[in-house]
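The values are calculated or read from the model by the stated rules, or taken from the named source; none is laboratory data. The model shown is predicted, which means the values in this text are computed figures rather than measured ones. All Cβ positions, glycine included, derive from the backbone under ideal geometry; neighbour counts span all protein chains shown. Ligands, DNA and RNA are stripped out before the accessible areas are found, and what is left, the full protein with its side chains, is counted by its heavy atoms. Shrake-Rupley method; radii C 1.70, N 1.55, O 1.52, S 1.80 Å.
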2 protein chains.
Amino acid sequence: MNVIIAGMGTDSRERMVRSAAYLFRERGYSGTGFRDVIAHSGAPRGSIYHHFPGGKVQLAEDAVRYAGDFLDAGIRAAVEGGDAASAVDAFAGWWRGVLVKSGFRAGCPVVAVTVESHDDAPQLVKASADAFGRWQDTLATGLENAGASPERAARLATLIVSSVEGATILCRAERCLRPLDAVVAELKEITRTAVD
Amino acid sequence: MNVIIAGMGTDSRERMVRSAAYLFRERGYSGTGFRDVIAHSGAPRGSIYHHFPGGKVQLAEDAVRYAGDFLDAGIRAAVEGGDAASAVDAFAGWWRGVLVKSGFRAGCPVVAVTVESHDDAPQLVKASADAFGRWQDTLATGLENAGASPERAARLATLIVSSVEGATILCRAERCLRPLDAVVAELKEITRTAVD
DNA sequence: GGTTGACCATGACGATCGTCATAGCGACCC
DNA sequence: GGGTCGCTATGACGATCGTCATGGTCAACC
């Protein structure tokens, strides 16, 4: 039987969400069909609209939320027990692993959903904004604790998220880690001077 | 009749390429069908595979190249007759205009194609890498002329392209210019200290 | 132990996807 | 003026898309 924990659904439901997030990273939102999610997750076809009455949009919404929560927890853990540079390392290091492990074929699922969202699915835009916002808030808190002013910390957090996400895209195009490494080097220099 | 200029195709062919680049910015690659391109460009349906024997992939390839050339020319013009900060303004200012004019619904077509490309279309990855590479080269040249060292100029150019592209995505999600403004403020500060 | 309800198997719906074949148009060349 | 060729109109192909209805299974609860 399935043990239901508050906030978490069935096994197959969660597998679908995780697979959707995984597949979005490589093929994007429109490029990923329900059949792909079923095949990748091994979840049953018949219960799609039982778990996701809102259809594909709801699945994508949950996938974005899942990715947002997952990465935010990683950033938070690295920020709580490290210096300012570890905030950058935690965020960039995760995407470096995604790039290498996928052979530069995968990127950020939140980015994928954002750049494809039309007007008839505003929930997706909101979910993406939530994820990006939480990442920035967590990073900004870490930078403040390291000694940066609140205003500067907020601006730097936005720069970190923007540049690392952008560098991840450039890495996929160039099929190498050079852009991400260059960005991280500059970011570390900036954060170092900002916390003094 | 159609006046054929070297490197440029028919009117309807070029309209299709431009429309594809335009539509990719809002709906992405997989989210944009040939029928959308036909409707938006007013081009005839029957000549799709006359102008693009390679099908949708070739159309996207040309769209990425078109966007790459177009923006590179803008950056080059701004870099040639300005200081180091104008390089940032030229690049970021273009995307600011795209965001505002589209109501935060459009982004970068090169990004859209990159994050959706699978293995069966490596031409698209290469075309994207070319566009990103040219933008970085042009910006780096401008930074070098302003006084930055070649190595630092290359790293900064990568940071500029990455962070502005990333900020554009964040702006679409948050539906405001705050991320881009924050990034531009930090970038100007960095480039100012780098050219001294 | 009968009933409820969460969950899944199966198959199909209409729409749209990228692709292509065929026929025909009109301008140009010899 | 007959023929060639760039370009377009039209319609269809099979595949796949998201969506949903129906019927069934099995554990849980009164």
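Taking all protein chains in place and a 1.4 Å probe, what share, in percent, of the accessible surface of the protein assembly as shown do carbon and sulfur account for?
Numbers: 8580 of 16210 Å².
Whole-percent figure for carbon plus sulfur exposure: 53.
Placing +1 on each Lys and Arg Cβ and -1 on each Asp and Glu Cβ, with no other charges, gives the stretch A:55-194 a dipole about its Cα centre of roughly 440 debye. Along the positive direction of the dipole of the stretch B:61-194 (beta-carbon charges: Lys, Arg +1; Asp, Glu -1; about the Cα centre), which of B:Ala92, B:Pro109, B:Ala67 reaches farthest? After comparing all options, I get B:Ala92.
Under 29 Å Cα-Cα from A:Lys188, which lysines qualify once same-chain neighbours fewer than 8 residues away are excluded? Answer for A:Lys188, where 29 Å is the Cα cut-off: A:Lys101, B:Lys188, listed by chain and number.
Counting only helical runs of four or more DSSP H residues, what would the 222 nm mean residue ellipticity of chain A come to if each run contributes -39,500 (n - 2.57) and the total is spread over all its residues?
Numbers: 9 runs with 145 residues, N = 196.
The per-residue figure over chain A is -24500 deg cm²/dmol.
With θ taken as phi - 60° and the Karplus curve 6.51 cos²θ - 1.76 cosθ + 1.60 applied, the whole-hertz 3J(HN,Hα) list for the stretch A:99-106 is 4, 5, 5, 9, x, 6, 9, 10 Hz, x standing for glycine and proline.
What FRET efficiency comes out for B:Leu177 versus A:Arg15 if R0 is 51 angstrom and r is the Cβ-Cβ distance? Round to the nearest 0.05. In this case the efficiency is close to 0.85. For A:Ala85, neighbours were defined as the other residues whose beta-carbon sits under 14 Å from its Cβ, and their charges (Lys and Arg +1, Asp and Glu -1) total -3.
Please give the Cα centre distance for the stretch B:50-64 versus the stretch A:37-80, rounded to the nearest Å. Computed from Cα coordinates, the inter-centre distance equals 34 Å. Around A:Asn145, with a cut-off of 11 angstrom between Cβ atoms, what is the net charge of the other residues, counting Lys and Arg +1 and Asp and Glu -1? That sum, taken over residues with Cβ under 11 Å, equals -3. The label point for A:Gln123 and the one for B:Ser149, both projected 7 Å from the Cα toward the Cβ, are 5.3 nm apart.
Please compute, for peptide A:132-144, the average count of beta-carbon atoms on other protein chains lying within 10 Å of each residue's beta-carbon.
Details: counts 7, 3, 0, 1, 4, 0, 0, 0, 0, 0, 0, 0, 0.
Average per residue, whole number: 1.
Quick one: buried accessible area between B and A, total over both chains, 1.4 angstrom probe, nearest 100 Å²? In total, this chain pair buries about 3500 Å². Here the protein assembly as shown is treated as a Stokes sphere of Kirkwood radius computed over C-alpha pairs; at 20 °C and 1.002 mPa s its diffusion coefficient rounds to 100 µm²/s. Each listed q (0.14, 0.16 Å⁻¹) maps to a log10 I(q)/I(0) for chain B from the Debye sum over equal C-alpha point scatterers, namely -0.82, -1.01.
Calculate the FRET efficiency for B:Asp69 and A:Phe34 from the Cβ-Cβ distance with a Förster distance of 45 Å, rounded to the nearest 0.05. The calculated FRET efficiency here is 0.75. Each other residue within a Cβ distance under 9 Å of A:Phe34 adds +1 if Lys or Arg and -1 if Asp or Glu, for a net charge of +2. With the convex hull constructed from alpha-carbon coordinates only, the stretch A:126-196 shows a mean projected area of 4.9 nm² over all directions.
Inter-copy label distances for A:Glu14: 5.7 nm (label point placed 7 Å from Cα along Cα→Cβ; shortest first).
Annotation: per residue accessible area for chain A equals 41 Å², rounded to a whole number [probe 1.4 Å, protein chains only]. Note on chain B: with a GNM built from Cα contacts shorter than 10 Å, the maximum mean-square fluctuation among B:Val17, B:Val183, B:Val79 falls on B:Val183.
Once phi is turned into θ = phi - 60°, what whole-Hz ³J(HN,Hα) does the Karplus curve with 6.51, -1.76 and 1.60 give for every residue of the stretch A:120-130, x standing for Gly and Pro? Karplus values, whole Hz, x for Gly and Pro: 7, 9, x, 4, 5, 5, 5, 4, 5, 4, 4.
Under 5 Å between amide hydrogens, built in the peptide plane, is the criterion, and for B:Ala43 it picks out nothing among residues at least 5 positions away or on other chains.
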